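These notes concern the structure reproduced below.
The values are calculated or read from the model by the stated rules, or taken from the named source; none is laboratory data. Just so it is clear, the model here is predicted, and its values are computed rather than measured. Backbone-built Cβ (ideal geometry, glycine too); neighbour counts: all protein chains shown. These area figures cover heavy atoms from the full protein model, side chains too; ligands, DNA and RNA do not enter into them. Shrake-Rupley method; radii C 1.70, N 1.55, O 1.52, S 1.80 Å.
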Amino acid sequence: MDDKNSKLACKLLIDMLRCLNGFRHIKTDSAHLEATRMPLFEVFIKEFLLAVEHVVKRGVRSDYVARQDNLFALRGKLMIAQQIRQNLHRADRFFTEHDEFSTNRPENRLLHKALRLVLSASVSQDNQRLARELCFVFADIPESVQIAHDFQQVRLDRGMGYYADALAWARLILEEQSPLTGSGNHLAPSLLFPMDALFEAFVAKHLAKQLASPFKLKTQARSHHLVQHLKQDWFQLRPDMLIRNGDANLLVLDTKWKLLDAMRSNAREKYQLSQSDFYQLYAYGQHYLDGQGDVVLIYPKTDAFEQPLPVFFFPKAENLRLWVLPFCLSSRCLILPDSTQIKELFLAESLTVSRKHSFDKPKQTLAANGIR
């Protein structure tokens, strides 16, 4: 991949990550990405460091922390059992529990731990310099040694809201899936993203903006189950998206991060489609649309898959149609078939419509379209 395409891919991935809950705190803009040759791994480290720097500028917060100690003066509450055990012959000592106003609180311990990790992992001089400066600020605060417990103790109340971004990044850095927490003799940072979830969130965000009024997009519907057994609902049906008008479901959509090839239109290769995806959409159509209407599989647009595939029909559900449509990542737009029922759901100015495959054509069986 040449430098220009690499930059475009980096910008696109950043935009997609902003749609995912775990990365919603990304502040890097396109102008910044164009001005830097920093690897994406270092970009994320930079994001975390800037978030911590914001915390430092606003002030590292202290809190009252309960502390037990053997003191020369009575302070707080005398711990009777410990006093008898340790100070029975020491009238000058008092074993007490008292509150101490300290920066040693879970939020700061977690940030310090994450700072130490990125300092050891980063190869960028700018990131290392900023990480060292921030580590110096947190030098008197111990690093977190019980990460999960400290995250459970995090409290973002009483003016602590400005910690939210830094702690969100710290969670990504410190969780077990993070490349920074890997073990071994050689540190080889890598970035692995849940691309299925990433593509789904990206499509949902932009598709919602393209709907005509009064239609609404609902994500992760979960109101139906596949079967009932012993008066219980089993196997929840969760399509990625529904287009609704009030309480009425109009269109079921499911995203798949997979590359299709429109030239492989034979019964053996089947465009690289998965039979299990068709079973899944058939079940969605039966339960969410009562077996009538349109269900849609959305795949990323590529040079090998630029236009919607011919419509698929189910022989035993003649009123249910399945469409396989490309979503253009660069234009953030779903490429629609020439189907009035689908086009009317979208704003006219946002439509990218294919004229290649008309909806008003003789019905085709699954076998005729290469699905058996």
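Structure data summary
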{"quantity": "Solvent-accessible surface ranking, highest first, for M79, M16 at 1.4 angstrom", "calculated": "M79, M16"}
{"quantity": "The range 196-334 - Rg (one decimal) and Dmax (whole number), Cα, Å", "calculated": "15.3, 50"}
{"quantity": "For D92, solvent-accessible area (1.4 Å; no DNA, RNA or ligand), Å²", "calculated": "70"}
{"quantity": "Alpha-carbon Rg with Dmax, taken over the range 108-161, Å", "calculated": "12.5, 37"}
{"quantity": "Gain upon complete extension [L78, H225; 0.36 nm per residue less C-alpha separation]", "calculated": "47.0 nm"}
{"quantity": "Square roots of five times the Cα gyration tensor eigenvalues for the range 45-94, Å", "calculated": "43, 11, 8"}
{"quantity": "Ordering of 121-134, 260-273 by burial proxy (mean other Cβ atoms within 10 Å per residue, highest first)", "calculated": "121-134, 260-273"}
{"quantity": "Isotropically averaged projected area of the range 256-328, using the convex hull of Cα atoms (one quarter of hull area), nm²", "calculated": "4.8"}
{"quantity": "Rounded Å value of the spacing that divides the Cα centres of the range 326-340 and the range 106-165", "calculated": "43"}
{"quantity": "Calculated FRET value between Q275 and Q307, using beta carbons and R₀ = 35 Å, to 0.05", "calculated": "0.95"}
{"quantity": "Neighbour cut-off at most 16 other Cβ (10 Å), DSSP loop, chymotrypsin sites (Phe, Trp or Tyr not before Pro), the range 83-174", "calculated": "none"}
{"quantity": "Mean Cβ count within 10 Å, highest first, over the residues of peptides 81-89, 307-315", "calculated": "307-315, 81-89"}
